[in-house]
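Quick notes on the structure that follows.
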Amino acid sequence: MRGAAMLDGQRAEAAVRVRGTQDGVRLLLPPTVPFAAVLAQVRDLLETRAAFFRGAALTLDFTEREPVLDEIVALQQVLDARGVRVQAISAGTAEYRERLARWGY
C-alpha cells in the first residue's frame, strides 16, 4: 500500500494542477517535469475542461519550477489560442520572482 501511495504522490508532483483561490484560478506547474510534458498536460486540461477554461483569466504559477522565457511564451500562445488570458505569472522563490519582474511579469 505504501508503494501505491508513494506512486500517487509522485504522479501528483508530476502533474500540472488547477487551483481555485480567492484571487482566481492558478495553473500550478510541476518543478521537475520536462517542458514538453507540461505543455502536453496544459493542452489536455484545456481540451478536457474546455467549458471551465473558456474566457477565463488565470495566473501561471511556476511554484518551484525555474521560469524560462521561451516556456512562458509557449504557454501563453497555447492559452491564448483557447481564449484563456494570463493575468499574472508567479513563482515560489524570491529569485524566480525577481527574474519574472526583470522580464516584465
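Every number here is computed from the coordinates shown, using simple stated rules; none is lab data. In this text, all values refer to a predicted model and were calculated from it rather than measured experimentally. For neighbour counting, all protein chains shown are included, and Cβ atoms are generated from backbone atoms with ideal geometry for every residue, glycine included.
Listed values, structure above:
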{"quantity": "Test for PRO34: is it in contact (Cβ under 8 Å) with a residue 12 or more places away in the chain and under 15 Å from the mean Cα position of the chain (by Cα)", "calculated": "no"}
{"quantity": "Region 13-51 - residue that is among the charged types (D, E, K, R) and within 17 Å of SER90 (Cα to Cα) and, of those, surrounded by the fewest Cβ atoms within 10 Å (Cβ to Cβ)", "calculated": "ASP23"}
{"quantity": "Positions within region 57-80 being of a type in the set (A, V, I, L, M, F, W, C), more than 16 Å from ARG99 (Cα to Cα) and touching a Leu at 6+ places or on another chain (Cβ under 9 Å), in sequence order", "calculated": "LEU58, ALA74, LEU75, VAL78, LEU79"}
{"quantity": "Residue among ALA74, ALA91 that alone is touching a residue at least 24 places away in the same chain (Cβ under 8 Å), surrounded by 14 or more Cβ atoms within 10 Å (Cβ to Cβ) and closer than 21 Å to ASP23 by Cβ", "calculated": "ALA91"}
{"quantity": "Yes/no for LEU69 being closer than 18 Å to THR21 by Cβ and either surrounded by 14 or more Cβ atoms within 10 Å (Cβ to Cβ) or of a type in the set (A, V, I, L, M) (or both)", "calculated": "no"}
{"quantity": "Criterion violated by ARG43 - all others in (1) without any contact (Cβ under 8 Å) to a residue 24 or more places away in the chain; (2) of a type outside the set (S, T, N, Q); (3) in a helix (DSSP H, G or I) satisfied", "calculated": "(1)"}
{"quantity": "Counted residues, region 49-76 - those being over 18 Å from PRO34 (Cα atoms) and either under 11 Å from the mean Cα position of the chain (by Cα) or part of a helix (DSSP H, G or I) (or both)", "calculated": "6"}
{"quantity": "Any hit, region 45-53, residues being within 27 Å of ARG102 (Cβ to Cβ) and of a type in the set (A, V, I, L, M, F, W, C)", "calculated": "no"}
